[in-house]
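The values are calculated or read from the model by the stated rules, or taken from the named source; none is laboratory data. Just so it is clear, the model here is predicted, and its values are computed rather than measured. Glycine gets a Cβ as well: all are built from the backbone with ideal geometry, and neighbour counts include every protein chain shown. The accessibility values were calculated without ligands, DNA or RNA, using every heavy atom of the protein model including side chains. Shrake-Rupley method; radii C 1.70, N 1.55, O 1.52, S 1.80 Å.
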Amino acid sequence: DYVVVKMIPDNRLPPRHLHSVHTGKTFAVIKWESPYDSPDQDMLYAVAVKDLVRKTDKIYKVKTRNSTVEYTIKKLEPGGKYHVIVQLGNMSKESSMKINTVPLSAPDALKIITENDHILLFWKSLALKESNFNESRGYEIHMFDSLMNITAYLGNTTENFFKVSNLKIGHNYSFTVQARCLYSGQMCGEPATLLYDELGTGEDSSATKNGRSTDVAAIVVPVLFLLLVTLGIGFVVLYMRHRRLQNSFTAFANSHYSSRLGSAIFSSGDDLGDEDDEAPMITGFSDDVPMVIA
């Protein structure tokens, strides 16, 4: 024997398994399941989004018969903090969760250039890769002194550079540049960090690479050029000397022995170089040739 029992749906139950699927800079995808399986009619949900930074609320309505519901919350702010509440439209029990949107990216190509009594921080405009960033918002700069273990706020700027003075010799500093924080420092961009190592000389390894690479190139390039020219001249001199020695050897090989005169005849010194110009031609004497004395 068996009996079939049909449960009466309870619309006072909260949505189940509320969670975040994906979070971006300006949106968040959330997902939940209906209070009970296989709804037989459309269900109206109320999605309340509370901005924990700005202290504002927004309510969205979602109507569906699906057991699993996926919804995208739009028009959020980068680096924001939100409290999301989902419940049926009849104000039944609720399910809630917190969402933190992705902050703005860190500025690219942060560099240091060392001047006589100060340094300059340079970076690329964040608006080049962040469509949600406006240059009027600006950037803020922080400095950490590792020797004193102190972090200092240096200020903010709407430019892509910042001047830092009054650095102490022998101290190591870390500089961070990020999109300016909004609403009492609660909505900030990701920081770009760069180490400035004084080492008691006022020099920085990164500054030496970036700020003085041009000076090093101005010295190295002419030296390399002179070396190449010297090597080229040396090769030419060696080649000419080789040709001269080769010609001298050929002239010497062309000398021959005369069997008729019974003597060895060498070529004149004209082909052997300037050193042999004064050397006379050497000839032998034969017994059958009479000597005539005047």
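For residues that are in contact with a Phe, Trp or Tyr (Cβ under 8 Å, 6 or more places away or on another chain) and of a type in the set (D, E, K, R), scanning just the range 62-74, find the one that is nearest to GLU190 (Cα to Cα).
LYS74
Of all residues in the range 52-83, how many are within 38 Å of the chain's Cα centre (by Cα) and not in a loop (DSSP other than H, G, I, E, B)?
Just the residues of the range 52-83 that are within 38 Å of the chain's Cα centre (by Cα), to begin with: 52-54, 71-83.
Adding the requirement that they be not in a loop (DSSP other than H, G, I, E, B) leaves 71-73, 81-83.
Selection size over the range 52-83: 6.
If I ask for residues that are surrounded by 14 or more Cβ atoms within 10 Å (Cβ to Cβ) and either hydroxyl-bearing (Ser, Thr, Tyr) or more than 16 Å from VAL29 (Cα to Cα) (or both), which ones from the range 41-50 would you list?
Going residue by residue through the range 41-50, those that are surrounded by 14 or more Cβ atoms within 10 Å (Cβ to Cβ) are 43, 45-50.
Selection gives MET43, TYR45.
In a loop (DSSP other than H, G, I, E, B), within 27 Å of LYS25 (Cα to Cα) and open to solvent by 40 Å² or more (accessible area, probe 1.4 Å): is that true of GLU159 in this structure? If you could, list the steps in order and put the result at the bottom.
Numbers: in a loop (DSSP other than H, G, I, E, B): yes; within 27 Å of LYS25 (Cα to Cα): yes; open to solvent by 40 Å² or more (accessible area, probe 1.4 Å): yes.
Here the answer is yes, as GLU159 does meet what is asked.
Search the range 118-144 for residues being touching a Leu at 6+ places or on another chain (Cβ under 9 Å) and over 17 Å from CYS188 (Cβ atoms), and hand back the single one that is surrounded by the most Cβ atoms within 10 Å (Cβ to Cβ). Before the answer, list the steps.
Taking the range 118-144 first, the residues touching a Leu at 6+ places or on another chain (Cβ under 9 Å) are 118-119, 121-124, 126, 130, 132-133, 135, 137, 139-143.
When the remaining residues are screened for being over 17 Å from CYS188 (Cβ atoms), the result is 118-119, 121-122, 124.
Values: HIS118: 12, ILE119: 20, LEU121: 25, PHE122: 17, LYS124: 14.
Filtering the range 118-144 for residues that are touching a Leu at 6+ places or on another chain (Cβ under 9 Å) and over 17 Å from CYS188 (Cβ atoms), the one surrounded by the most Cβ atoms within 10 Å (Cβ to Cβ) comes out as LEU121.
How many residues does the range 69-89 contain that are open to solvent by 70 Å² or more (accessible area, probe 1.4 Å) and more than 24 Å from SER131 (Cα to Cα)?
The first filter runs over the range 69-89 and keeps only residues open to solvent by 70 Å² or more (accessible area, probe 1.4 Å), leaving 70, 74-75, 81.
When the remaining residues are screened for being more than 24 Å from SER131 (Cα to Cα), the result is 70.
Going through the range 69-89 one residue at a time, the tally reaches 1.
If SER92 meets every condition in (1) open to solvent by 20 Å² or more (accessible area, probe 1.4 Å); (2) touching a residue at least 40 places away in the same chain (Cβ under 8 Å) apart from one, which number is that one?
Answer for SER92: the failing condition is (1).
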